[in-house]
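Asks: Sharing a structure below in structure tokens format, with a few things to ask.
Each reported figure results from applying straightforward, stated rules to the coordinates on display, with no laboratory input. Keep in mind it's a predicted model, so treat the numbers as computed, not measured. We place every Cβ from the backbone using ideal geometry, glycine too, and count neighbours over all the protein chains shown.
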Amino acid sequence: MDPIWWIVLAASAVVFALKITGYVVPQRLVQGPLLTRVAGLVTIGLLSSLVVAQTLSGEEGLVIDARVPAVALAGVLLWWRVPFIVVIILAAAVAAGLRLMGWMA
Amino acid sequence: MNQPDGEIRRARSQGIQVALAVSLYGTSFGALAVVAGFSVWQTMVLSLVMFSGASQFAVIGIVASGGVSAGLAAVLSAGLLGIRNGLYALRMSALLEPRGLMRFVAAQLTVDESTAVASAQPSREAGRAGFWTTAAFLFVGWNLSTLAGALLGDVMGDVRSFGLDAAAAAAFLGLVWPWLKRGEPLVVAIGAAVVSVVLLPVLPAGIPVLIVAVLAIGFGIYRHRVAPTKPESQGES
């Protein structure tokens with residue numbers, strides 16, 4: 001089987017298992033400020049790390065290219081509370097535009 | 001005309017608005033997944049079965065940069081991001097009190113958006129209406145737009161010339177943004193970014209993300225010891 005199928009199925013199973021756990025375990029066993037806090041911080045840490053990886057990683061180490069201004073613009077637009085989908089489309093447009101003009105390709 | 005009817009109607013319309021807005025963004029997931037090397041079917045299984053935006057983006061992002069050899073890191077990252085859903089499920093279990101098979105349906109649909117809309121309602125009845133309305137519209141909308149995106153991504157060819165790699169980075173930024181309202185999350189976000197910049201050039205794809213997760217757990221435990229107040233609910237949008 002295509003190895004990507006294993007990744008898709010294993011990851012999907014893990015995520016579903018976590019969702020169903022909340023419905024079957026007794027609340028008092030798992031509820032608490034520590035777990036809530038840690039789960040929140042892990043989510044933030046992971047997503048922030050993924051922002052950096054997706055913006056800067058290249059074939060060999062870090063690369064600064066058209067993604068950097070695109071993500072910077074996304075940050076400004078999010079600050080202005082521009083809707084999510086618009087932010088993503090404009091970020092893609094900036095990167096595509098810069099590359100079309102041959103800048104920061 | 002009594003008050004509960006109005007509350008329920010408001011919860012439903014709020015749910016539909018949230019679901020439609022977020023659904024659109026499934027298009028970018030679909031396109032990015034196909035471009036990262038996932039087939040249209042594999043992409044659809046992620047949206048239908050995993051059905052959790054942040055975890056889905058993590059899987060395709062890590063496989064896109066690290067290939068199938070980063071598979072374990074992709075699965076672990078999706079799982080770590082899914083812990084949040086488990087905690088939402090605890091709260092929604094108390095609100096919805098689903099029985100039998102409905103527990104599985106409720107579990108599958110317990111995500112950021114359905115939990116946030118349910119939590120924002122003034123009564124239990126409105127909370128339930130908000131959960132189920134958001135969940136139903138989001139599940140259908142997210143999957144239809146994923147399919148549209150996947151078919152589009154299939155014919156697109158070179159991702160970079162369409163800026164799709166930048167779109168993925170902006171997507172992660174948009175996902176983390178609502179959480180960054182207070183000091184502690186900001187510290188973690190900035191720390192995670194710095195650690196990632198340092199580790200990315202020296203470690204295989206997917207590994208820096210996991211190291212950041214471990215550090216975030218350590219930081220959370222440390223903060224719990226020195227400042228054990230319960231933080232108010234956060235980051236659901």
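Asks: Give the residue list of chymotrypsin sites (Phe, Trp or Tyr not before Pro) in region A:60-102 that are DSSP loop and have at most 12 other beta-carbon atoms within 10 angstrom.
Replies: Qualifying residues, ordered by number: A:Trp80.
Asks: If you scale each eigenvalue of the Cα gyration tensor by 5 and take the root, what three semi-axes come out for region B:180-232, rounded to whole angstrom and sorted largest first?
Replies: For region B:180-232, the ellipsoid semi-axes come out as 24, 12, 7 Å.
Asks: Could I ask something else about it? Divide by every residue of the protein assembly as shown the summed helix terms, -39500 (n - 2.57) for each DSSP H run of at least 4, and state the resulting mean residue ellipticity at 222 nm, rounded to the nearest 500 deg cm²/dmol. Write out the running numbers ahead of the final one.
Replies: Values: 16 runs with 256 residues, N = 342.
Taken over the protein assembly as shown, the calculation gives -25000 deg cm²/dmol.
Asks: Under 17 Å from a label point 7 Å along Cα→Cβ of A:Leu62: give me every residue in region B:187-206 with its amide N that close.
Replies: Counting only backbone N, you get B:189-206.
Asks: Then there is this: Among A:Gly45, A:Gly102, A:Ile7, whose Cα lies farthest out toward the positive end of the dipole of chain A, if unit charges sit on the beta carbon of Lys, Arg (+1) and Asp, Glu (-1)?
Replies: Toward the positive end, the furthest listed residue is A:Gly45.
Asks: Could you work out how far helix A:67-79 tilts from the main Cα principal axis of chain A, as a 0 to 90 degree angle to the nearest 10?
Replies: 60
Asks: Can you run the Rg to Rh ratio on the protein assembly as shown? Use alpha carbon positions and the Kirkwood inverse-distance Rh.
Replies: That ratio equals 0.96.
Asks: Here's something else I'd like to know. Using a ≥ b ≥ c from the Cα gyration tensor of chain B (square roots of the eigenvalues), is it rounded, prolate or oblate, where a/c under 1.5 gives rounded and otherwise the larger of a/b and b/c decides, a/b for prolate?
Replies: Taking the square roots of the gyration eigenvalues as a ≥ b ≥ c, chain B is oblate.
Asks: Sticking with this one: For chain A, modelled as a GNM with alpha-carbon contacts under 10 angstrom, which of A:Ala17, A:Ala53, A:Ala92 fluctuates the most?
Replies: It is A:Ala17.
Asks: With charges only on Cβ, +1 for K and R and -1 for D and E, what is the dipole size of chain B about its Cα centre, in debye, rounded to 20? Provide the component values of the computation, followed by the final result.
Replies: Details: 15 positive and 12 negative charges, 123 e Å.
With only Lys, Arg, Asp and Glu charged at Cβ, the dipole is about 600 debye.
Asks: I'd like to know which of B:Met156, B:Pro122, B:Gly82 lies farthest towards the positive end of the charge dipole of region B:67-162, counting +1 on Cβ of Lys and Arg and -1 on Cβ of Asp and Glu.
Replies: It is B:Pro122, whose Cα lies furthest towards the positive end.
Asks: Rounded, prolate or oblate for region B:112-237? Axes are the square roots of the Cα gyration tensor eigenvalues, ordered a ≥ b ≥ c, and the cut-off for rounded is a/c under 1.5.
Replies: Details: a/c = 2.80, a/b = 1.01, b/c = 2.76.
Verdict is oblate for region B:112-237.
Asks: If we count every other residue with Cβ under 15 angstrom of B:Ala213's Cβ, Lys/Arg +1 and Asp/Glu -1, where does the sum land?
Replies: Charge balance near B:Ala213 sits at +2.
Asks: Using the reciprocal of the averaged 1/r over all distinct C-alpha pairs, how large is the Kirkwood radius of region B:19-156 in Å?
Replies: Across region B:19-156, the inverse of the average 1/r is 15.4 Å.
Asks: Moving to a separate point now. Taking the 0 to 90 degree range and rounding to the nearest ten, how far is the long axis of helix A:33-56 tilted relative to the main principal axis of chain A, both from C-alpha atoms?
Replies: Relative to chain A, helix A:33-56 is tipped by roughly 20 degrees.
Asks: Let me ask something else about it. So which residue, out of A:Leu47, A:Leu90, A:Leu18, gets the largest mean-square fluctuation from a GNM of chain A using Cα contacts under 10 Å as springs?
Replies: A:Leu18
Asks: If you fit an axis through the alpha-carbon atoms of helix A:3-24 and take the longest principal axis of the Cα set of chain A, what angle between them do you get, 0 to 90°, nearest 10?
Replies: Between helix and principal axis, roughly 50 degrees.
Asks: Which of A:Ile20, A:Ile44, A:Ile85 ends up with the largest GNM mean-square fluctuation for chain A, with Cα atoms connected below 10 Å?
Replies: Result: A:Ile20 has the largest fluctuation of those listed.
Asks: Kirkwood hydrodynamic radius of region A:64-105 from all distinct Cα pairs, in Å? Can you show the working numbers first?
Replies: On the way: mean 1/r = 0.0987 Å⁻¹.
10.1 Å is the Kirkwood radius here.
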